[in-house]
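The values are calculated or read from the model by the stated rules, or taken from the named source; none is laboratory data. Every value quoted in this text rests on a predicted model; they were computed, and no experiment measured them. When we count neighbours, we look across all protein chains shown, and the Cβ atoms used for this are built from the backbone with ideal geometry, even at glycine.
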C-alpha cells in the first residue's frame, strides 16, 4: 500500500489502519455483540495486519485487553508500525467506563499503556473525550498535559498528540494544538466532513473511525470504505474487525484505489 504523511508528524502511514477495539473484548460501547477472539486469534490478526502491509495500529487504554494483546503480539515487530493510543477513559468489566482528564490521571494512564504495549514509544497519543468534548478541552488542561509529557525526557516517548472527539466545535478547539485528529466519518454520518477539510488545510493528520457505522453499513461495506478513502483530507481509515478475510479485503480495496507508483 502507498503511504501517506500523517499531517506534519513525520510519520508515513498506510491508508488502512488496524483498529484494535474488538480484540480487546469490550462489548458495552454500542457495537453490539460479537465473538471475542482468543489471545492466539488476536495474535494472528495483528501479525496478519503487518504481513499485509498495514503499518498503523489504533488502540486505547479503555479497550480492555487491547493494549495488552497488541504488546504481546507485536513487541518484537515494533519498528514495523506506528502506534496510536488514547488516554482519558478507562474501562473495566466490573465498573464500566470512567473518564479522568487530570494531569496525574493522564500520566498514570500512559504509564500503564507503555507497560501493556511493551514499548516506551507512543507515536500518537490522543485525548479520548466524552461526548461533552468542548468541556473536556476547555476545563481540564489536557493539551498542556500532553505537551508537558511530550517535552519531558523520561520513560515515555510521545511523538504526536491529538484528539478523538465528537463535535465540530471541539475539533475547532483541538486544531489549535493537535497534530492528529480521529473523527467519525461514514456514509451515514458526514457532519465532520468540514472538519476533515479544515484539518487537511492546516496540515493535521486525520484518522477515520467507525467507517462502517458500527455495523449499520455492513451490506455496503465496500462503498463505505471507498467513500472514506476518497476524501483528500483522510490520511487513514481504521478497520476494526476480528475477521481476517475482511481485513484482507479492506487492504485489497485500498491497494486498488491507491496503487503504489
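Sort out which residues of segment 220-239 are closer than 30 Å to residue 40 by Cβ and not in a helix (DSSP H, G or I), and write them in order of number.
Passing the criteria: 236, 237, 238, 239.
Sort through 50, 56 and tell me the only one that's surrounded by fewer than 17 Cβ atoms within 10 Å (Cβ to Cβ) and within 22 Å of residue 10 (Cα to Cα).
Testing whether each residue is surrounded by fewer than 17 Cβ atoms within 10 Å (Cβ to Cβ) and within 22 Å of residue 10 (Cα to Cα) leaves just 50.
Suppose the filter is closer than 30 Å to residue 254 by Cα and free of Cβ contacts under 8 Å to residues at least 60 places away in the same chain; does residue 137 pass it?
No; evaluated as a whole, the condition is false for this residue.
Would it be correct to say that residue 90 is crowded, with 23+ Cβ neighbours inside 10 Å, in contact with a helix residue (DSSP H, G or I) (Cβ under 9 Å, 6 or more places away or on another chain) and not in a helix (DSSP H, G or I)?
So residue 90 does not fit the description; no.
Within the set of pairs 6 or more residues apart or between chains, which connect a residue that is on the phi > 0 side of the Ramachandran plot and at pLDDT 95 or above inside segment 111-125 to a residue that is part of a helix (DSSP H, G or I) and surrounded by 15 or more Cβ atoms within 10 Å (Cβ to Cβ) with Cβ atoms less than 6 Å apart?
Close Cβ pairs (under 6 Å, with a partner that is part of a helix (DSSP H, G or I) and surrounded by 15 or more Cβ atoms within 10 Å (Cβ to Cβ)) amount to 118/71.
State which residue pairs qualify: first residue on the phi > 0 side of the Ramachandran plot and at pLDDT 95 or above and inside segment 189-207, second residue crowded, with 17+ Cβ neighbours inside 10 Å and not in a helix (DSSP H, G or I) in any location, beta carbons under 8 Å apart, and separation of 6 or more residues or different chains.
203/7
Do you know which residues across segment 68-87 are over 22 Å from residue 179 (Cα atoms) and either touching a helix residue (DSSP H, G or I) at 6+ places or on another chain (Cβ under 7 Å) or not in a helix (DSSP H, G or I) (or both)?
68, 69, 70, 71, 72, 73, 74, 77
Output yes when any residue across segment 16-26 is at pLDDT below 95, in contact with a strand residue (DSSP E or B) (Cβ under 8 Å, 6 or more places away or on another chain), outside any helix (DSSP H, G or I) and surrounded by 15 or more Cβ atoms within 10 Å (Cβ to Cβ), and no when none is.
Yes, segment 16-26 contains a residue that is at pLDDT below 95, in contact with a strand residue (DSSP E or B) (Cβ under 8 Å, 6 or more places away or on another chain), outside any helix (DSSP H, G or I) and surrounded by 15 or more Cβ atoms within 10 Å (Cβ to Cβ).
Is it true that some residue in segment 240-250 is at negative phi, assigned to a loop (DSSP other than H, G, I, E, B) and over 15 Å from the mean Cα position of the chain (by Cα)?
Checked against the condition, which is being at negative phi, assigned to a loop (DSSP other than H, G, I, E, B) and over 15 Å from the mean Cα position of the chain (by Cα), segment 240-250 yields at least one hit.
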